[in-house]
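Chemist: Got a structure here, written out as structure tokens. Questions coming.
The values are calculated or read from the model by the stated rules, or taken from the named source; none is laboratory data. All values derive from a computational prediction rather than experimental measurement. No Cβ is skipped: glycine too gets one built from the backbone with ideal geometry, and neighbour counts run over all protein chains shown.
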Amino acid sequence: MILTAGSANLDFVVRVPHIAAPGETVLGSDTVLMPGGKGANQAVAAARAGGKVAFLGALGNDAFADMLLGSLSDSAVDTRHVRRVAAPTGAAYISVAENGENAITVAPGANNYLRPGDLPELHEATHLLLQLEIPLETVSAYASAARAAGVQVVLNAAPACALDTALLACVDILIVNEGELRALQGAVCTDGDLEELTAAVLARGPGTVVVTLGARGCFARSGQKTHRIPAYPVKVIDTTGAGDTFVGVMSTWLAQGAALPEALQAASAGAALTCTRAGAQPSMPGRQEILRLLA
Ligand code: ATP
């Protein structure tokens, strides 16, 4: 079982003619409500890909929480570990302009209240999947407990953040995009190629590092071994959720015993399929669709 511990947000999306300048009011389209948050998105992606998945997150006691729980359950994610806390459910307010620019304000709310003590017993879990949209102290405590219990720790170090070596030492598989890779090494590390940067990160603890490169595919390093997987050529409609799909599908394949190159191939196929449709969770593919693209 993959335990995904992370954020869940309700996204309020409004299309606008242009992004409002400070002090300006613009009239937009009707609001579209969409389930989001990297934790919930990755749990959904992993479950749709055929994984046995449970979600650990913090939600408020409001109607938004019920909508997010519904979207997780619809994708067969086990929500029994979700905490309800006395803070509003996380929300993201997203304006999307006609020229494609966006402006996003995130109100983490309940996500900030997921605590180190909220981690359930890990006896059912083979993998713990983490991101950085909950308190760093909580991420570190969960990673360290999972390492001690022999559970594989998969960390998607997003949003970009410098990380200390104590956390990285508990990580088995680290997944980042190129910006996040540079950020996690701290301000000193703004140059260097992928070969050098990934070797430097592995020296700080993780057994494997995977770097997603958008339409250029991905690069991975495990010890001295490196892998490059090109992206699947697809007709791109909207890349939102591609990164979360990649992480979720890769985790499912690994949890089912696949070797790394096979898991990366499946993740690339799943992420490419997400790019062919609009939205994050609504665009995530099911297992059969991924297998068809892989065949
Ligand atoms: P986001 O946060 O926007 O979801 P990210 O920066 O975390 O994205 P990316 O590196 O942009 O992640 O994309 C993740 C993976 O999705 C890539 O490694 C690739 O496999 C797939 N992907 C992204 N863009 C495309 C594309 N245009 N065509 C096909 N596959 C793509």
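Chemist: Please go through the range 82-101 and pick out each residue that is within 20 Å of the chain's Cα centre (by Cα) and not aliphatic (A, V, I, L, M).
Modeler: ARG83, THR89, GLY90, TYR93
Chemist: Can you tell me which residue in the range 219-247 is surrounded by the most Cβ atoms within 10 Å (Cβ to Cβ), limited to those that are small (Gly, Ala, Ser) and closer than 20 Å to GLY179 by Cβ?
Modeler: GLY241
Chemist: Still on this model: Any residue in the range 227-239 that's closer than 20 Å to ALA263 by Cβ: show its pairings with residues that are in a loop (DSSP other than H, G, I, E, B) and more than 6 Å from the ligand (Cβ to nearest atom) at Cβ separation under 8 Å, as long as the two are six or more apart or on different chains.
Modeler: Close Cβ pairs satisfying both conditions: VAL234/THR276.
Chemist: Hey, can you tell me all the residues within the range 114-132 that are assigned to a loop (DSSP other than H, G, I, E, B) and more than 19 Å from GLY243 (Cβ to Cβ)?
Modeler: Within the range 114-132, the subset assigned to a loop (DSSP other than H, G, I, E, B) is 114-115, 119-126, 131-132.
Of everything in the range 114-132, those that are assigned to a loop (DSSP other than H, G, I, E, B) and more than 19 Å from GLY243 (Cβ to Cβ) turn out to be LEU114, ARG115, LEU119, PRO120, GLU121, LEU122, HIS123, GLU124, ALA125, THR126.
Chemist: What pairs come out if I take residues in the range 71-91 that are in a strand (DSSP E or B) and pair them with residues that are among the β-branched types (Val, Ile, Thr) whose C-beta lies under 7 Å away, six or more apart or interchain?
Modeler: Once the first residue is in a strand (DSSP E or B) and sits in the range 71-91, its partners that are among the β-branched types (Val, Ile, Thr) give ASP78/VAL53.
Chemist: Give the range 41-65 a look and list any residue that's in contact (Cβ under 8 Å) with a residue 40 or more places away in the chain, more than 14 Å from the chain's Cα centre (by Cα) and part of a helix (DSSP H, G or I), or say none.
Modeler: Residues satisfying the conditions are ARG48, PHE64, ALA65.
Chemist: Answer with yes or no whether ASP164 is away from the ligand (no atom under 16 Å from the Cβ), surrounded by fewer than 24 Cβ atoms within 10 Å (Cβ to Cβ) and over 23 Å from PRO120 (Cβ atoms).
Modeler: yes
Chemist: Scan the range 211-234 for residues that are assigned to a strand (DSSP E or B), within 9 Å of the ligand (Cβ to nearest atom) and more than 21 Å from PRO159 (Cβ to Cβ) and jot them down.
Modeler: ILE229
Chemist: On to the next question. Determine whether the range 263-282 contains at least one residue that is touching a Gly at 6+ places or on another chain (Cβ under 8 Å), within 21 Å of HIS227 (Cα to Cα), surrounded by fewer than 24 Cβ atoms within 10 Å (Cβ to Cβ) and touching a residue at least 24 places away in the same chain (Cβ under 8 Å).
Modeler: No.
Chemist: Taking the conditions exactly as written (touching a Pro at 6+ places or on another chain (Cβ under 7 Å) and either crowded, with 19+ Cβ neighbours inside 10 Å or modelled with pLDDT under 95 (or both)), does GLY100 satisfy them or not? Break it down into steps so the answer makes sense when it comes.
Modeler: Details: touching a Pro at 6+ places or on another chain (Cβ under 7 Å): no; either crowded, with 19+ Cβ neighbours inside 10 Å or modelled with pLDDT under 95 (or both): yes.
It is false that GLY100 is touching a Pro at 6+ places or on another chain (Cβ under 7 Å) and either crowded, with 19+ Cβ neighbours inside 10 Å or modelled with pLDDT under 95 (or both).
Chemist: While we're looking at this one, here's another question. State all residues of the range 19-40 that are part of a strand (DSSP E or B) and either touching a helix residue (DSSP H, G or I) at 6+ places or on another chain (Cβ under 9 Å) or among the hydroxyl-bearing types (Ser, Thr, Tyr) (or both); if no residue qualifies, say none.
Modeler: Hits for the range 19-40 are LEU33, MET34, PRO35, GLY36.
Chemist: Do you know which residues across the range 1-15 are out of contact with any Ser or Thr (no Cβ under 6 Å at 6 or more places or on another chain) and surrounded by fewer than 24 Cβ atoms within 10 Å (Cβ to Cβ)?
Modeler: MET1, ASP11, VAL13
Chemist: In the range 199-208, is there at least one residue being within 12 Å of the ligand (Cβ to nearest atom), modelled with pLDDT of 95 or more and among the hydrophobic types (A, V, I, L, M, F, W, C)?
Modeler: No; the residues of the range 199-208 include none that is within 12 Å of the ligand (Cβ to nearest atom), modelled with pLDDT of 95 or more and among the hydrophobic types (A, V, I, L, M, F, W, C).
Chemist: Output the residues belonging to the range 139-161 that are within 19 Å of ALA46 (Cα to Cα), within 16 Å of the ligand (Cβ to nearest atom) and assigned to a loop (DSSP other than H, G, I, E, B).
Modeler: Hits for the range 139-161 are ALA157, ALA158.
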